[in-house]
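Written out below as C-alpha cells is the structure these notes cover.
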Amino acid sequence: MTIAKWCVLAACVLPIASVALAKIKGSGISRKTGGYDNNPRGMGGQAHRLAAAGNAAQASGFEALPLFIAGVSLAQMAQADQGRIDLLAMAFAGIRVAYVAAYLANQGNLRSLIWFAGFGVSVALLAMGA
C-alpha cells in the first residue's frame with residue numbers, strides 16, 4: 001500500500017480522534033449539568049468549549065475528506081508521479097493535524113489559513129489526475 005493510501009486512512013481516522021476529546025470531556029460531567037447523555041450527536045452544543053471545538057473539528061474533517069480522497073484516487077489512476085502524490089498526501093495529513101490543533105486552541109484566523117492550505121493540497125492532487 002502506498003504512503004498516500006495510508007494518509008487517506010489517517011485522514012479518515014483523524015475526525016474520530018478529534019471528537020474523542022469531546023466524548024472524554026463529557027463523560028465525567030453528570031447528565032443533569034449537560035454531560036454525557038448517550039446522545040453523542042447532540043452533545044457538542046452543550047459541552048465545554050474544548051469539547052465543542054473537538055466536535056466541530058470532527059465535522060470539518062469529514063467535510064474535507066471527499067476532495068482529498070478523490071484527489072489521491074484520480075492522481076493514482078492517472079499514474080502521476082507516486083513520490084509527489086505521497087508528498088502531497090503527507091502534507092495534507094499534517095495540515096489536518098495542525099487544523100485540529102488550531103481549532104482546539106481557538107485560533108480562528110490561523111485555522112482558516114490552514115484550511116486553505118489543505119484545500120490547495122487537495123486541488124493540487126486533483127490537478128495531477130487531470
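All of the numbers you see were taken from the coordinates with simple rules; none came from a lab. Keep in mind it's a predicted model, so treat the numbers as computed, not measured. Glycine gets a Cβ as well: all are built from the backbone with ideal geometry, and neighbour counts include every protein chain shown.
Tabulated data for the structure shown
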{"item": "Residues Leu113 and Ile3, FRET efficiency given R0 of 22 Å [Cβ-Cβ distance, rounded to 0.05]", "result": "0.30"}
{"item": "Summed residue charge, Cβ within 14 Å of Glu63's Cβ, Lys/Arg positive, Asp/Glu negative", "result": "+2"}
{"item": "Ala130-Asn106 FRET efficiency (beta carbon distance; Förster radius 41 Å; 0.05 resolution)", "result": "0.65"}
{"item": "Residue-by-residue Karplus 3J(HN,Hα) for the range 64-78, coefficients 6.51, -1.76, 1.60, Hz, glycine and proline x", "result": "7, 4, x, 5, 5, 4, 4, x, 4, 4, 5, 5, 6, 5, 7"}
